[in-house]
1. Taking the stated definitions as given, is Gln83 among the polar types (S, T, N, Q), surrounded by 11 or more Cβ atoms within 10 Å (Cβ to Cβ) and either part of a strand (DSSP E or B) or without any contact (Cβ under 8 Å) to a residue 40 or more places away in the chain (or both)?
2. Where the second residue is outside any loop (DSSP other than H, G, I, E, B) and surrounded by fewer than 10 Cβ atoms within 10 Å (Cβ to Cβ) and the first is touching a residue at least 24 places away in the same chain (Cβ under 8 Å) and among the acidic types (Asp, Glu) and lies in the stretch 65-80, which pairs have Cβ atoms under 8 Å and are six or more apart or on separate chains?
3. Out of all the residues in the stretch 14-31, is one or more over 30 Å from the mean Cα position of the chain (by Cα) and among the hydroxyl-bearing types (Ser, Thr, Tyr)?
4. Considering only residues that are of a type in the set (Val, Ile, Thr), modelled with pLDDT of 85 or more and not in a helix (DSSP H, G or I), which ones fall in the stretch 4-55?
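The values are calculated or read from the model by the stated rules, or taken from the named source; none is laboratory data. A quick note: this is a predicted structure, and the numbers were derived from the prediction, not measured. Heads up, the Cβs are rebuilt from the backbone with ideal geometry, glycines too, and the neighbour counts pull from every protein chain shown.
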Amino acid sequence: MRIREIAQARVRYGYRKIRVLMNCEGWDVGKYPVYRLCKEEGLMLKRMKPAGKRKAARPREEKLKPTVPDQAWSMDFVLEQLQNGARFRSLTIVDVYTREAVAIEVG
């Protein structure tokens with residue numbers, strides 16, 4: 001079978017390149033039959049693993065947990081939409097210790 005010969009000669013070629021080579025040689029084949037035959041013959045390339053995540057150069061410092069109110073605040077933008085379709089953004093500021101909304105600024 002010509003697909004097997006091409007795959008053994010060019011180990012790094014996948015089914016797409018094998019199909020291109022076969023079409024250049026005069027075989028009129030589509031990509032799905034070539035894919036199916038490569039899969040059945042066990043000629044498929046293994047997927048490459050993504051590169052591992054890089055580690056930080058220095059260890060992170062510990063986050064200090066607040067022990068009293070107003071020691072640490074957290075803020076976030078929130079996008080909301082009214083029933084009539086109008087959108088508005090609001091800046092919310094929350095006290096981390098008490099989980100109380102310190103301020104909500106609407107724009």
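1. It is false that Gln83 is among the polar types (S, T, N, Q), surrounded by 11 or more Cβ atoms within 10 Å (Cβ to Cβ) and either part of a strand (DSSP E or B) or without any contact (Cβ under 8 Å) to a residue 40 or more places away in the chain (or both).
2. From the stretch 65-80, no pairs qualify.
3. No, the stretch 14-31 contains no residue that is over 30 Å from the mean Cα position of the chain (by Cα) and among the hydroxyl-bearing types (Ser, Thr, Tyr).
4. Val29
Table: residues versus (1) among the charged types (D, E, K, R); (2) exposed (fewer than 10 other Cβ atoms within 10 Å of the Cβ).
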position	(1), (2)
Ile18	no, no
Gly26	no, yes
Lys39	yes, no
Gly52	no, yes
Arg60	yes, yes
Pro69	no, no
